[in-house]
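Everything below concerns the one structure shown next.
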Amino acid sequence: MTLGGLRANLDLNDPGAMFTYVHGARFLIQHALSLAQEDERLTDEYRAAIVPATYNLAADTWSGWEDAFAGAHAYRSFGLESARLNIRLREELGQDASAQSRGHWVLGIQLMAAGEFDAAAESFTRVRDLSGDSRQGKLMAQGWIHVANILKGEQAEDRLEAVKTELSGMGDDGVFFAGQYDPALSRFRPAQN
């Protein structure tokens, strides 16, 4: 069974299943990295094989989704570690701008969860810069920059609303992207006294 198969067959809302998934994924990732060091001829093959695993582990341990897994927050440090590794692997493999932007996005959301809002905004700026001619990609990233800025206390709500409105007019993907910001704001915004 592949790591993706394991993930698909577990209810990650169950604490035991989430534990199994996170630690199983970490073990397989570490094992692949060790194998990559042992056989230089297969280094890139091993690295490429674990890029999706590092991305999924980072995304699955982020608690800012509307339907986030119940115990995701308990594994936040593993998610951040995995997101950083994802970026490193993508850069070492020389992946294209689109692939690298996905890595910077998952790093940005993990940095937000860690309360590192300036660093998150920098990651989302990289996503925007790597989006090339994609208006939707640039808008999606700009929305996340606004979210990070709102979370650190800046007044960017009107700018975020403008991004959400424009994205919502860009078909199903745009509606999906526009719907991700509010759950993250709700989850990570400090409580008002």
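The values are calculated or read from the model by the stated rules, or taken from the named source; none is laboratory data. Just so it is clear, the structure is predicted and the values come from calculations on it, not from any experiment. All Cβ positions, glycine included, derive from the backbone under ideal geometry; neighbour counts span all protein chains shown. To get the accessible areas, we keep the full protein, side chains included, count just its heavy atoms, and leave off ligands, DNA and RNA. Shrake-Rupley method; radii C 1.70, N 1.55, O 1.52, S 1.80 Å.
Scan segment 157-176 and report the pairs whose first residue is over 12 Å from Met140 (Cα atoms) and whose second residue is modelled with pLDDT of 95 or more, with Cβ atoms within less than 6 Å and a gap of 6+ or a chain change.
Within 6 Å, the pairs are Arg159/His146.
Quickly run through segment 64-99 and pick out the residues that are open to solvent by 30 Å² or more (accessible area, probe 1.4 Å) and among the polar types (S, T, N, Q).
Of everything in segment 64-99, those that are open to solvent by 30 Å² or more (accessible area, probe 1.4 Å) and among the polar types (S, T, N, Q) turn out to be Ser77, Gln95, Ser98.
Of the residues Ser63, Ser77, which single one is free of Cβ contacts under 8 Å to residues at least 40 places away in the same chain and either within 19 Å of Asp44 (Cβ to Cβ) or hydroxyl-bearing (Ser, Thr, Tyr) (or both)?
Details: Ser63 fails: free of Cβ contacts under 8 Å to residues at least 40 places away in the same chain.
After ruling out the rest, the residue left standing is Ser77.
Can you find a residue that is in contact with an Asp or Glu (Cβ under 7 Å, 6 or more places away or on another chain) and open to solvent by less than 30 Å² (accessible area, probe 1.4 Å) anywhere in segment 165-177?
Step one: list which residues in segment 165-177 are in contact with an Asp or Glu (Cβ under 7 Å, 6 or more places away or on another chain), which gives none.
Within segment 165-177 (the criterion being in contact with an Asp or Glu (Cβ under 7 Å, 6 or more places away or on another chain) and open to solvent by less than 30 Å² (accessible area, probe 1.4 Å)), the answer is no, since none of the residues qualifies.
So how many residues does segment 18-61 have that are assigned to a loop (DSSP other than H, G, I, E, B), closer than 18 Å to Leu93 by Cα and open to solvent by less than 10 Å² (accessible area, probe 1.4 Å)? Walk me through how you get there before you give the answer.
The first filter runs over segment 18-61 and keeps only residues assigned to a loop (DSSP other than H, G, I, E, B), leaving 39, 61.
Among the residues that remain, those that are also closer than 18 Å to Leu93 by Cα are: 39.
With open to solvent by less than 10 Å² (accessible area, probe 1.4 Å) added as a condition, the list becomes none.
Of the residues in segment 18-61, 0 are assigned to a loop (DSSP other than H, G, I, E, B), closer than 18 Å to Leu93 by Cα and open to solvent by less than 10 Å² (accessible area, probe 1.4 Å).
Looking at (1) touching a residue at least 60 places away in the same chain (Cβ under 8 Å); (2) part of a loop (DSSP other than H, G, I, E, B); (3) surrounded by 15 or more Cβ atoms within 10 Å (Cβ to Cβ), find the lone condition where Ile109 falls short.
Exception for Ile109: condition (2).
Of all residues being in contact (Cβ under 8 Å) with a residue 40 or more places away in the chain and part of a helix (DSSP H, G or I) in segment 6-17, which is farthest from Asn56 (Cα to Cα)? Just the residue, please.
Pro15
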